[in-house]
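Contents: one structure, followed by commentary.
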Amino acid sequence: METLDYFEEEYLPTPDEKTMAILSHILTIVAGFIAPLVIYIVKKDESPYVRKHAMESLNFQISVAIYAFASFILMFIIIGFFTMIAVGIMAFVCAIIATVKANEGKFFKYPLTIRLVK
């Protein structure tokens with residue numbers, strides 16, 4: 001399977017690849033990890049560009065779910081309310097940034113991501 005190195009060479013995605021990459025990021029706002037999971041499963045063998053974006057988005061959404069669960073537990077000592085708000089804001093802002101980068105044909109590496117899907 002071909003891998004893409006976004007830092008060594010410039011890759012020009014097709015309009016369909018761009019659309020799927022954009023959807024893998026922006027749909028997380030309403031669908032959580034389900035959208036990038038479906039896109040990853042359906043498109044992983046067709047496009048390395050889409051696979052990389054969907055995989056990054058899926059890893060981030062899994063990480064966000066873990067952080068939200070930890071925040072829920074921490075709500076018993078009050079700090080969880082603040083961390084839950086921070087996690088929500090971070091997830092929203094990062095999804096928007098990644099969507100814009102995907103539209104530009106670039107790759108965005110989400111911060112604080114646990115890379116479970118490879």
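Any residue in the range 105-117 that is surrounded by fewer than 17 Cβ atoms within 10 Å (Cβ to Cβ) and part of a helix (DSSP H, G or I)? No; the residues of the range 105-117 include none that is surrounded by fewer than 17 Cβ atoms within 10 Å (Cβ to Cβ) and part of a helix (DSSP H, G or I).
Evaluate the range 61-76: report whether one residue or more is of a type outside the set (Ser, Thr, Tyr), modelled with pLDDT under 95 and not in a helix (DSSP H, G or I). Scanning the range 61-76, I find no residue that is of a type outside the set (Ser, Thr, Tyr), modelled with pLDDT under 95 and not in a helix (DSSP H, G or I), so the answer is no.
The values are calculated or read from the model by the stated rules, or taken from the named source; none is laboratory data. As the structure is a computational prediction, the values presented were derived from the model and not from experiment. Cβ atoms come from the backbone with ideal geometry, glycine included; neighbour counts cover every protein chain shown.
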